[in-house]
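Laboratory data are not the source of any read-out in this text; all were calculated from the coordinates shown. Every value quoted in this text rests on a predicted model; they were computed, and no experiment measured them. Cβ sites come from the backbone with ideal geometry, for glycine too, and all protein chains shown count toward neighbours.
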Amino acid sequence: MRPATILGVLLILAGAFVLVNGGSFTTRRDVVRLGDLKISAEERHPVRPWMAGLAILGGVTLVVVGARRKA
């Protein structure tokens, strides 16, 4: 199996997982900093469904390109 095909399958699986289960990522930023004292806050950001759709579309494209180059 070619690397493009493997990457395409992984993108399809990841995109489908995010579409079904939802996904989010967390960022951390400093809110207050006084000398050695630092207070930080964590923020959760949801992954938009259209991003998961783009991952699936990109994965399908990579699988198709990988299959065409093989022939």
- line: Once the dipole of the range 3-70 is set up from charges on Cβ (+1 Lys and Arg, -1 Asp and Glu), the residue from the list Leu54, Leu7, Ala67 lying farthest towards its positive end is Ala67
- prompt: Taking springs between alpha-carbon atoms closer than 10 angstrom, which of Ala41, Ala16, Ala55 fluctuates most in the Gaussian network model of the chain?
  reply: Ala41
message: Angle check, please: helix 3-21 long axis (alpha carbons) against the longest principal axis of the chain (alpha carbons), in degrees 0 to 90, nearest 10.
response: 50
query: What is the percent of Cα-Cα separations in the chain that go past 21 Å?
result: 48
- prompt: Which angle between 0 and 90 degrees, to the nearest 10, do you get for helix 49-70 versus the longest principal axis of the chain when only C-alpha atoms count?
  reply: 30
